[in-house]
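Enquirer: Before we start, here is the structure in question, set down as structure tokens.
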Amino acid sequence: MTDTPDVPDVPDVPEVPRFTAREAIGLVAADFTELPAPTGAYAPDGPLGWQGYDASRARAVARTGEEESVVCGTATVGTTRAVLISFEFGFLGGSLGERTGDRLEAAYTYAREQRLPVVSLVATGGSRMQEGMRALVQLQRVARQSVLTREAGLPQIAVLRDPATGGGWATLGAGADVILALPGAQVGFAGSRVRPPDADPAAYTAEAQLAAGAIDAVVGQQELPGNLALWLHLLSRPSTTPAAPPPALGRAGLPATGRDAVDNARAPRRPRARAYLDAYFTHRASISGDRSGGTDLGMLCGFGEHDGRTIAYAAQTGTATRPAGYRTAARLIRLADQLRIPVLTLVDTPGAANDEEAERQGAGAAIAELFGAVAAARTPVTTLLIGEGGSGGALALAAPGNTWATPDSYFSVIAPELAAAILKRPASQVTATADQLRLRPQDLVDLGLVRGLVSPV
């Protein structure tokens, strides 16, 4: 099995290489056909009449051989044809001007007409000062094209080169469905010359953005072609057939009592989410982070290949799920729904994290967001309960009407220990309370709460 790790390793930051637009294209694709550039000319010295702007552009053309700060065309990445947008940082810092906006709009339009995914190889310092607000409003054009492409059900992937700052990061970069970055790349809304003088440079790196949940992976130059090819392969295959629930990997016998069911689900050696994902998928690639400043290592999300189809997955690993985990799972389900890719969720948590920090991070709102994403999904969602199903923190990830259970699992409105405490029962009554809750997997079938039990292979 080939696999990108669920928790990406953060490499040591080397000296960051810089590539021209065409060198960056050459990193990921062997063939490239440039799209015709839209016609149009600037007024002398641009829309603001900025003295010397024409001369600056002429020097940029002579230095780079490019007519603008982006090169747009089509190429085959792995086995998938895609539209590539590559920034030329040597052309006025890869800045966005009106003619840049024309090229980006034309590239996105072509992608929608030809039903192709969009890959942006981003290296930019922001909007072009010599064009003033006429340059800045190009970000609105880019945002509109991205939305139209998303509504068309086409994936957008960004690869962050060095640097990826300003409006280019805040639209083509941060607005992509999946965001990859080269090691050590400078990434942030504020470029190096406009940050506070005491700002920590380490906070404006790909590695820092990964830790903050803003990007999905830091990928080395050698691994980038295969990683990008895998992502395009996985995200470009819609399907309407629900994911089949995985077979059970643990014990086959059903628990005799509620206490037995709880003990089985809490057993340290019970198979966990990674074992189920490894057995189910031949290839997979993970997303990371909630795009709001958080990550949760206890929620594994991504896309994988199963029986020749792409299936999205969101899987709890047996820990208390944090707000960032719920938001990441909601992000995963919304993306899968947009791309019409079926979803598999694996439920295994004692419940939602309930510490002070979780409350500060909006635990209730995050759980509500996930409930809403599952309820709104038009793509089919399948759930397998593989361990503990602790209250609403577990139910938020479960598919109504299409949830299955393994023999070594349980689902309960609340843990039996907590139920006994709320009812003011002594500890000796926990076992009886577990039976009263009817939380065994066979009870869940009888109650109509799960469709059935899965058996070992």
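The values are calculated or read from the model by the stated rules, or taken from the named source; none is laboratory data. Here the structure is a predicted model, which is why all the values come from computation and not from measurement. For neighbour counting, all protein chains shown are included, and Cβ atoms are generated from backbone atoms with ideal geometry for every residue, glycine included.
Enquirer: Determine which member of the set ALA243, ALA273, ALA267 is within 27 Å of the chain's Cα centre (by Cα), touching a residue at least 12 places away in the same chain (Cβ under 8 Å) and assigned by TED's automatic domain parsing to the domain that holds GLU417.
Expert: ALA273
Enquirer: Within the stretch 276-284, is there a residue that is surrounded by fewer than 24 Cβ atoms within 10 Å (Cβ to Cβ) and in a strand (DSSP E or B)?
Expert: The answer is yes, given that some residue of the stretch 276-284 is surrounded by fewer than 24 Cβ atoms within 10 Å (Cβ to Cβ) and in a strand (DSSP E or B).
Enquirer: Moving to a separate point now. Looking at (1) at pLDDT 95 or above; (2) out of contact with any Cys (no Cβ under 8 Å at 6 or more places or on another chain), which one does ALA314 not meet, given that it meets all the others?
Expert: Result: ALA314 passes all but (2).
Enquirer: Between a residue in the stretch 173-198 that is under 11 Å from ALA214 (Cα atoms) and any residue that is among the charged types (D, E, K, R) and at pLDDT 95 or above, which pairs come within a Cβ distance under 6 Å, given they are 6 or more apart or on different chains?
Expert: Taking only residues 6 or more apart or on different chains, the pairs are VAL178/ASP216; ILE179/ASP216.
Enquirer: Checking the structure you have, find out if any residue of the stretch 54-66 is surrounded by fewer than 24 Cβ atoms within 10 Å (Cβ to Cβ) and touching a Pro at 6+ places or on another chain (Cβ under 8 Å).
Expert: Yes, the stretch 54-66 has at least one match.
Enquirer: Also: Being surrounded by 21 or more Cβ atoms within 10 Å (Cβ to Cβ) and part of a helix (DSSP H, G or I) is the filter; apply it to the stretch 208-225 and report the residue that is farthest from the chain's Cα centre (by Cα).
Expert: GLN209
Enquirer: Might you let me know whether the stretch 430-441 holds any residue that is in the same structural domain as TYR276 (by TED's automatic domain parsing), buried (at least 24 other Cβ atoms within 10 Å of the Cβ), over 37 Å from the mean Cα position of the chain (by Cα) and of a type outside the set (D, E, K, R)?
Expert: Within the stretch 430-441, one or more residues are in the same structural domain as TYR276 (by TED's automatic domain parsing), buried (at least 24 other Cβ atoms within 10 Å of the Cβ), over 37 Å from the mean Cα position of the chain (by Cα) and of a type outside the set (D, E, K, R).
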